[in-house]
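*Asks:* Have a look at this one before I ask anything.
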Amino acid sequence: MELHDLRPAPGANKDRKRLGRGSGSGRGTTAGKGTKGQKARSGGKVRPGFEGGQMPLNRRLPKRGFNNAQFATVFETVNLEAINNAFSEGEVVNFVSLKEKGLVKGNKDGIKVLGDGEISKKLKLEVDRISGSAKEKAEKAGCEVVVLG
């Protein structure tokens, strides 16, 4: 069997419904959109949460309390295993080097190292936060841990 012999399974590829292509097609005239109204028009849709002018549910319900979500400090997490695999002996592990290696995107408030996996190389960790287990494992392996924040 060669590459050019490959074919989709029978019934796997179906033709799409071609709507609004004349009355002879069987799917012409209103093209399955009913008669008139906003949803029959091109571009005719309502925004999410719109209830036809009725007071929407999200405005009818009372708002109470304080939500810290927009002010919260969110850290990007990196496990020791990933650091061990990506870095070689004696390197400095910081925001810039983690971003270069593709371990973090850099769109959050800082870096936190978590203790999943093992570390066997002596590295210098310059991070904003580090979990207790990660710090313990890193120091046991001879790493220098510097907490910035």
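The values are calculated or read from the model by the stated rules, or taken from the named source; none is laboratory data. Predicted model, so just to flag it, every value in this text is computed and none were measured. Neighbour counts run over all protein chains shown; Cβ positions are idealised from the backbone, glycine included. Heads up: the accessible areas ignore ligands, DNA and RNA and are worked out on the full protein's heavy atoms, side chains in. Shrake-Rupley method; radii C 1.70, N 1.55, O 1.52, S 1.80 Å.
*Asks:* Name the one entry in G20, G34 that is assigned to a loop (DSSP other than H, G, I, E, B), on the phi > 0 side of the Ramachandran plot and loosely packed, with under 10 Cβ neighbours inside 10 Å.
*Replies:* Only one candidate qualifies: G34.
*Asks:* Can we say G90 is surrounded by fewer than 13 Cβ atoms within 10 Å (Cβ to Cβ), touching a residue at least 24 places away in the same chain (Cβ under 8 Å) and assigned to a loop (DSSP other than H, G, I, E, B)?
*Replies:* In short, yes.
*Asks:* Just to check your reading of the model, which residue among N94, N67, N79, N85 is in contact with a Gly (Cβ under 6 Å, 6 or more places away or on another chain) and polar (S, T, N, Q)?
*Replies:* It is N79.
*Asks:* Something else: Would you pick out the residues in the stretch 120-147 that are assigned to a loop (DSSP other than H, G, I, E, B), of a type outside the set (G, A, S) and surrounded by fewer than 18 Cβ atoms within 10 Å (Cβ to Cβ)?
*Replies:* K121, K122, listed by residue number.
*Asks:* Are any of the residues in the stretch 101-119 over 19 Å from the mean Cα position of the chain (by Cα), open to solvent by less than 50 Å² (accessible area, probe 1.4 Å) and free of Cβ contacts under 8 Å to residues at least 12 places away in the same chain?
*Replies:* no
*Asks:* Sticking with this one: Condition test on A12, is it exposed (fewer than 12 other Cβ atoms within 10 Å of the Cβ), small (G, A, S) and farther than 30 Å from E126 by Cα?
*Replies:* Against the criterion (exposed (fewer than 12 other Cβ atoms within 10 Å of the Cβ), small (G, A, S) and farther than 30 Å from E126 by Cα), A12 qualifies.
*Asks:* Filter the stretch 38-82 down to the residues that are assigned to a helix (DSSP H, G or I) and either out of contact with any helix residue (DSSP H, G or I) (no Cβ under 8 Å at 6 or more places or on another chain) or among the charged types (D, E, K, R) (or both) and list them by number.
*Replies:* Answer for the stretch 38-82, where residues must be assigned to a helix (DSSP H, G or I) and either out of contact with any helix residue (DSSP H, G or I) (no Cβ under 8 Å at 6 or more places or on another chain) or among the charged types (D, E, K, R) (or both): Q38, K39, A40, L57, N58, R59, R60, E81, A82.
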